[in-house]
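Asks: Can you read through this structure? Questions will come right after.
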Amino acid sequence: MNNKFHKTFSTGEFADLFDINKDTLLYYDKINLFKPAGIHSNGYRYYTLEQLDSFIAIHSLRSVNLPIKDLKKYFASPSIDSLNELASIQIEKIKNEISNLKEIQTLLSNITEVTNELSNVTIGELIIKEMPVEYVLYSSAKHVDWDAPVEELSNMYEEFIKEIGIKGLASFGSVLKTNKLLNEEYQKVECLFCRMEGPNAVKKPAGMYAIIYHQGKYDSLKGTYFNLIKELKKQDFITDGDVYEEYLLHSLVATNEDDYITKISVKVKKTQN
């Protein structure tokens, strides 16, 4: 090529056009994906205007994370059919990535929601408040006994993780039927639950809820349940639904079980006088 009549770009200039590092161009040259138009007498590579279209195609496909090996295979014999196949494969990958990012967003949103909630908590104080509808997923395992052998509980827990996905466990807990609460059978829960939306999610009803926070080991929850029942009677409330035992602060952020925080909530209504 006669450089006197043709516009040329140095490696750095060509890289600047696409806002990439010039090392990327050097790497593409090394692997025979995209080579410079030529080399000046001083040993420096140069690129031309005629190469812009080709590099735009490569750069666009790389921007959607198309693997180098697939790019080399495609540009060795480009065609409409092979380009369509490449695009279709990438669309599926992107769909999966979007799904994963949404799950991560849900996890992080749950974490910020919990940490903000805990900043305004008074341990042991009963709160009566209106709550909106929430979506929850229940475990397929029912009638869980926390006094069961560790291996049995571990298997149940692992199965629940598989059912909902590990990212859902930011808002994890168990459901206790009202009759178990009144009979002081706190270890015999109905099932596990996770606060999250999904195909099998069930609406936890809106309404007036009694909420109390417990700090300490899970096996010390009995005292907080006593306080819950006592305060409900004092304020002329009775339970009107299941009890949700939610483990807000656990091993994710606390190394000492004495620092664990559990949120207990139950739908209530005023007693009929």
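The values are calculated or read from the model by the stated rules, or taken from the named source; none is laboratory data. In this text the structure is predicted, and so the values were computed from the model without any measurement. So basically every Cβ, Gly included, is an ideal-geometry build from the backbone, and we count neighbours across all protein chains shown. Surface accessibility is based on the protein's heavy atoms, side chains included, excluding ligands, DNA and RNA. Shrake-Rupley method; radii C 1.70, N 1.55, O 1.52, S 1.80 Å.
Asks: Which one, LEU192, LEU153, ASN96, projects farthest toward the positive side of the charge dipole computed for the chain from Cβ point charges (K/R +1, D/E -1)?
Replies: Going by the charge dipole, the pick is ASN96.
Asks: Give the residue list of trypsin sites (Lys or Arg not before Pro) in the range 61-166 that are DSSP loop and have at most 13 other beta-carbon atoms within 10 angstrom. Provide the component values of the computation, followed by the final result.
Replies: On the way: sites: ARG62, LYS69, LYS72, LYS73, LYS93, LYS95, LYS102, LYS129, LYS142, LYS162; in loops: LYS142.
When the trypsin sites (Lys or Arg not before Pro) of the range 61-166 are filtered for loop state and at most 13 Cβ neighbours within 10 Å, LYS142 remain.
Asks: Moving on. Within straight cross-link reach of LYS30, meaning Cα distance under 20 Å, which lysines are found once same-chain residues fewer than 8 apart are removed?
Replies: LYS22, LYS69, LYS72, LYS73
Asks: Which one of ASN65, ILE20, HIS40 is farthest out on the positive end of the charge dipole of the range 1-67, using unit charges on Cβ (Lys, Arg +1; Asp, Glu -1) and the Cα centre as origin?
Replies: Looking along the dipole axis, the top candidate is HIS40.
Asks: Among 36-45, 205-214, 187-196, 109-118, what's the highest-first ranking by average C-beta atoms within 10 angstrom per residue? Could the numbers behind the result be given before it?
Replies: Details: 36-45: 12.1, 205-214: 18.2, 187-196: 20.6, 109-118: 13.7.
Those peptides, ordered most packed to least, come out 187-196, 205-214, 109-118, 36-45.
Asks: Of the heavy-atom accessible surface of the chain (probe 1.4 angstrom), what whole percent is carbon and sulfur? Walk me through the intermediate numbers first.
Replies: Values: 8590 of 16590 Å².
C and S atoms contribute 52 percent here.
Asks: Right, here's the next one. Taking the Cα centre of the range 1-148 as the origin, how large is its charge dipole in debye, to the nearest 20, when only Lys and Arg (+1) and Asp and Glu (-1) carry charge on their Cβ atoms?
Replies: Numbers: 15 positive and 20 negative charges, 235 e Å.
That gives the range 1-148 a dipole magnitude of about 1120 debye.
Asks: Return the distance in nm (one decimal) between the two label points of a simple spin-label model at SER109 and LYS35, each offset 7 Å from Cα along Cα→Cβ.
Replies: The modelled label-to-label distance comes out at 5.2 nm.
Asks: Can you compute log10 of I(q)/I(0) for the range 1-70 with the Debye formula, treating each Cα as one identical point scatterer, at q = 0.21, 0.27 Å⁻¹?
Replies: Log-scaled intensity ratios, in q order: -0.91, -1.43.
Asks: Please express the shape of the range 93-237 as an equivalent ellipsoid: the semi-axes are the square roots of 5 times the eigenvalues of the C-alpha gyration tensor, given largest first in whole angstrom. The partial results should precede the final answer.
Replies: On the way: eigenvalues 160, 84, 40 Å².
Gyration-tensor ellipsoid for the range 93-237: 28, 20, 14 Å.
Asks: Could you name the lysines whose alpha carbon sits less than 16 Å from that of LYS270, not counting residues in the same chain fewer than 8 places away?
Replies: Filter leaves LYS129, LYS230, LYS233, LYS234.
Asks: Rolling a 1.4 Å sphere over the protein heavy atoms, what is the accessible area per residue of the range 48-101, to the nearest Å²? Walk me through the numbers on the way to the answer.
Replies: On the way: 3740 Å² over 54 residues.
Per-residue value: 69 Å².
Asks: Here's another thing I want to ask about it. Does the range 1-144 classify as rounded, prolate or oblate by the C-alpha gyration tensor (a ≥ b ≥ c root eigenvalues; a/c under 1.5 gives rounded; else a/b over b/c gives prolate, otherwise oblate)?
Replies: Numbers: a/c = 4.67, a/b = 2.59, b/c = 1.80.
Prolate.
Asks: For the chain, compute the orientation-averaged projected area of the C-alpha convex hull (one quarter of its surface), in nm². Before the final figure, lay out each step's value.
Replies: Values: hull surface 90.8 nm².
Seen from a random direction, the Cα hull of the chain projects 22.7 nm² on average.
Asks: Let me check against my output: what whole-number percent is the relative contact order of the range 173-273, with C-alpha pairs under 8 Å and at least 6 apart?
Replies: Relative contact order, the range 173-273: 35 percent.
Asks: I've got another one for you. Using the basic label-point model (7 angstrom from Cα toward the beta carbon), what is the ASP219 to ILE89 distance in nanometres?
Replies: Distance between the two pseudo-spin positions: 5.5 nm.
Asks: Could you work out [θ]222 nm for the chain from helices alone, using -39500 (n - 2.57) per DSSP H run of at least four and dividing by all its residues? Round to the nearest 500 deg cm²/dmol. Kindly include the intermediate steps, with their values, before the conclusion.
Replies: Details: 8 runs with 110 residues, N = 273.
Calculated at 222 nm, the ellipticity per residue is -13000 deg cm²/dmol.
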